[in-house]
Amino acid sequence: MRLTTKGRYAVTAMLDLAFHSQVKPVTLTDIAARQTISLSYLEQLFARLRRANMVKGIRGPGGGYTLAGKILKINIADIIAAVDEPIDATKCGGEANCQNEKACLTHDLWMGLSDQIREYLKGITLEQLLDKHQIQETAKRQSQDAQIITLHKNTDQTPIFNDLL
């Protein structure tokens, strides 16, 4: 089974949101900067996450996104499913038409693996991930790195404005 960037980015963005939205709503621009994910790609993912009632948008100044539910209730399998990412180790998509429109010799093996992966991911919540010290430290580092990059970009632009004056 191979999880595409859609599933990986959705989980990463939701974990970032869970960490940072504890204080205030989080903008997609901030998530994009911290996680080096394209803003337009995040907008597409969050449209799906919003339709699945996993996140809610808050408009206006100071707006952004927050989780729509409690972090102890949001599991990784549900996040992946919300962005239409299949958890499937078969080559037939679970249709049992792998070989001449019938199940192949190893169909049940790969279906069993898919079920195990799905159950494993259902058993992991955002809360469990946020409780890990390493994840908290990584999130803090990413915030600092994103601030440094933003400051650096703003510093690079200052001479241009001075030259115009």
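The values are calculated or read from the model by the stated rules, or taken from the named source; none is laboratory data. Quick caveat: nothing in here was measured; it's all calculated off a predicted structure. When we count neighbours, we look across all protein chains shown, and the Cβ atoms used for this are built from the backbone with ideal geometry, even at glycine.
So residue 65 passes all but one of these: (1) touching a Leu at 6+ places or on another chain (Cβ under 7 Å); (2) of a type in the set (Phe, Trp, Tyr); (3) not in a strand (DSSP E or B). Which condition number does it fail?
(3)
Of the residues that make up region 4-22, is at least one at pLDDT below 95, over 23 Å from residue 145 (Cα atoms) and outside any helix (DSSP H, G or I)?
Yes, region 4-22 has at least one match.
Regarding residue 54, is this residue hydrophobic (A, V, I, L, M, F, W, C), out of contact with any helix residue (DSSP H, G or I) (no Cβ under 8 Å at 6 or more places or on another chain) and without any contact (Cβ under 8 Å) to a residue 60 or more places away in the chain? Let's see the steps before the verdict.
Working: hydrophobic (A, V, I, L, M, F, W, C): yes; out of contact with any helix residue (DSSP H, G or I) (no Cβ under 8 Å at 6 or more places or on another chain): no; without any contact (Cβ under 8 Å) to a residue 60 or more places away in the chain: yes.
Answer is no for this residue.
Return the pairs, sorted by first residue and then second, in which the second residue is among the aromatic types (Phe, Trp, Tyr), the first residue lies in region 61-88 and is within 17 Å of residue 126 (Cβ to Cβ), the beta carbons are less than 8 Å apart, and the residues are 6+ apart or on different chains.
Qualifying pairs under 8 Å: 65/46.
Does any residue in region 123-141 that is closer than 10 Å to residue 18 by Cβ come within less than 9 Å, Cβ to Cβ, of a residue that is among the basic types (Lys, Arg) and assigned to a helix (DSSP H, G or I) six or more places away or on a different chain, and which pairs are these?
The qualifying pairs are 139/34.
Taking region 93-114 only, how many residues are farther than 26 Å from residue 77 by Cα and either touching a Cys at 6+ places or on another chain (Cβ under 7 Å) or in contact (Cβ under 8 Å) with a residue 60 or more places away in the chain (or both)? Walk me through it before giving the result.
First, pick out the residues of region 93-114 that are farther than 26 Å from residue 77 by Cα: 99-102, 104-105.
So of that shortlist, the ones also either touching a Cys at 6+ places or on another chain (Cβ under 7 Å) or in contact (Cβ under 8 Å) with a residue 60 or more places away in the chain (or both) come out as 104.
Final tally of qualifying residues: 1.
With 79, 87 as the choices, which residue is at negative phi and assigned to a loop (DSSP other than H, G, I, E, B)? Talk me through it step by step, then tell me what you get.
Values: 79 fails: assigned to a loop (DSSP other than H, G, I, E, B).
Result of the check over 79, 87: 87.
Give all pairs with beta carbons closer than 8 Å in which a residue from region 1-23 that is closer than 16 Å to residue 47 by Cα meets a residue that is hydroxyl-bearing (Ser, Thr, Tyr) and surrounded by fewer than 22 Cβ atoms within 10 Å (Cβ to Cβ); count only pairs at least 6 apart in sequence or on separate chains.
Every condition considered, the pairs that remain are 9/41; 17/66.
Return the residue satisfying two criteria in turn: it lies in region 79-121 and is crowded, with 17+ Cβ neighbours inside 10 Å and charged (D, E, K, R), and of such residues it is farthest from residue 11 (Cα to Cα).
Only one residue fits best here, namely 88.
Taking residue 74, is it aliphatic (A, V, I, L, M), closer than 29 Å to residue 143 by Cα and surrounded by fewer than 16 Cβ atoms within 10 Å (Cβ to Cβ)?
So residue 74 fails the test.
Going through 32, 82, 89 one at a time, which residue ends up being under 16 Å from residue 4 (Cα atoms) and under 12 Å from the mean Cα position of the chain (by Cα)?
Among 32, 82, 89, only 82 is under 16 Å from residue 4 (Cα atoms) and under 12 Å from the mean Cα position of the chain (by Cα).
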